[in-house]
1. Would you look at the GNM of the chain, springs on alpha carbons closer than 10 Å, and say which of R150, R217, R24 moves the most?
2. Peptides 95-108, 233-246: what's the order by average Cβ count within 10 Å, highest mean first?
3. Cα gyration tensor of the range 136-207, axes a ≥ b ≥ c as square roots of the eigenvalues: rounded (a/c below 1.5), prolate (a/b > b/c) or oblate?
4. Please pull out the direction-averaged projected area of the range 1-156, using the convex hull of its alpha-carbon atoms, in nm² to one decimal place.
5. At a Förster radius of 35 Å, what calculated FRET efficiency corresponds to the Cβ-Cβ distance of Q168 and E210, to the nearest 0.05?
6. Explain nothing, just the number: dipole magnitude of the range 177-226 about its Cα centre with +1 on each Lys and Arg Cβ and -1 on each Asp and Glu Cβ, in debye rounded to the nearest 20.
7. Using the alpha-carbon atoms, what tilt in degrees (0 to 90, nearest 10) does helix 198-220 show relative to the longest principal axis of the chain?
8. Kirkwood hydrodynamic radius, the range 150-258, all distinct C-alpha pairs: what's the number in Å?
Amino acid sequence: MNPNEYWTEDTTSLDPEVRSRLLRVGSANVANVLLGMGFRNVMMRGVAPLGPDQPQLVGPAYTLRFIPAREDLDSMANYGRSDNKHRRAIEECPEGAVLVIDAFGCESASSMGDMMAARLKCRGVSGVVTDGGYRDTAGIQATGLPCYQRRPAPPATPIGLHPIALNQPVGCGGVAVYPGDVLVGDADGVAVVPQALVVEVAAAAVDAVEYEEFAERQIANGRSLFEVFPATEQSRTEYDEWVAAGRPDEPDTKTGQG
């Protein structure tokens, strides 16, 4: 399939209902749904949340690609120019989008610092993902912006990274990311959903999460995995009947009590 078939004229917005559904599910749920559609390589490898308590990440990709730095092109003076693509990415990443930084796994220079994170947070960007690392990580965490990295990288960006392209296809954590693909990040990591499939994936992932709640109740009542997970034809019928009956005796989600 031609990846360009995934692109639309608008690669920076996400339907509010789709976003709401994806905020209810996890990266593992999304990966499982995509596996059922034939997509095996959707979870970024070696990329982890900056902090354990940061908010869920959901948003369409806006990309920045780095290549290795070169001394005649990369200096602090050139870095400070207004046409520097790294600085432009911070000012041009759209509201609601996720800035995806392809740092080719480089951990010898920073993909972003706390001032850039603060600016993105102020502009309403949903978060940042890099397969490199950040500097000033405590300051980034303080902004509340959901961010994912390989590991901290304190040295200044021009030491190892040259920004070469904005909003073009990139690789991040071993996964292809096209502009407009939707990222779902949580404590487990980051999954990438092809743009053309996001509505279908969001609906299927919510359905899977709701079925798992039913299966968990059944297991707590003594039933075996063979009976309820993964879903069998019989257990799915039981689930549908339970939903149709108004989910009787469903536990209180705040207290855990029935």
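Rule-based calculations on the coordinates, nothing more; no lab input. These numbers come from a predicted model, not from an experiment. Glycine also receives a Cβ, built like all others from the backbone with ideal geometry; neighbour counts cover every protein chain displayed.
1. In the Gaussian network model the winner is R217.
2. 95-108, 233-246
3. Since a/c reaches 1.5 but b/c is at least a/b, the shape of the range 136-207 is classed as oblate.
4. 10.3
5. For R0 = 35 Å, the calculated efficiency reads 0.40.
6. 140
7. 50
8. After inverting the mean inverse Cα-Cα distance, the result is 18.0 Å.
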